[in-house]
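Written below as C-alpha cells is the structure these notes are about.
The values are calculated or read from the model by the stated rules, or taken from the named source; none is laboratory data. Computed from a predicted model, the values in this text were never measured in an experiment. Every residue, glycine as well, gets a Cβ built from its backbone with ideal geometry; the counts of neighbours run over all protein chains shown.
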C-alpha cells in the first residue's frame, strides 16, 4: 500500500519514518507546495476578463492594428497565460503521479 508522507525538511535533509521498508524509501517526492495548493493550481482558469481582453487584442493583432501600448498589454497577457499553463500542467502531472500510486 502506497502512503504519502508530508513533512518538512530541516537543513535540506528529509528524514523518513523508520517503519518504512527499504523499497518505500526509494521514492520520495519533494514538492514546493502542499497537495491542496497543487489541486488549486490544477483547477486554475484564467479570469474571464483576461481571456476576453486577450481575444480582443489577438483579433486586432491579426488585423495589424495594435497600438504599442496594446502590444505591450498583449505580451504581458501572453506571459501570464504561459506561466499559468505551465504551473497548471506541472500540478496536473504531479497529481496524476500521486493518483497512479494510490495516494
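Annotations for the structure displayed:
- Set side by side, the residues 74, 46, 38, 92 differ, and just one is out of contact with any strand residue (DSSP E or B) (no Cβ under 9 Å at 6 or more places or on another chain) and not in a helix (DSSP H, G or I), which is 46.
- When residue 27 is tested against (1) at pLDDT 60 or above; (2) out of contact with any helix residue (DSSP H, G or I) (no Cβ under 9 Å at 6 or more places or on another chain); (3) within 15 Å of residue 98 (Cβ to Cβ), exactly one condition is not met: (1).
- Residue within region 56-71 that is closer than 30 Å to residue 100 by Cα, surrounded by 10 or more Cβ atoms within 10 Å (Cβ to Cβ), out of contact with any helix residue (DSSP H, G or I) (no Cβ under 9 Å at 6 or more places or on another chain) and at pLDDT 60 or above present: no
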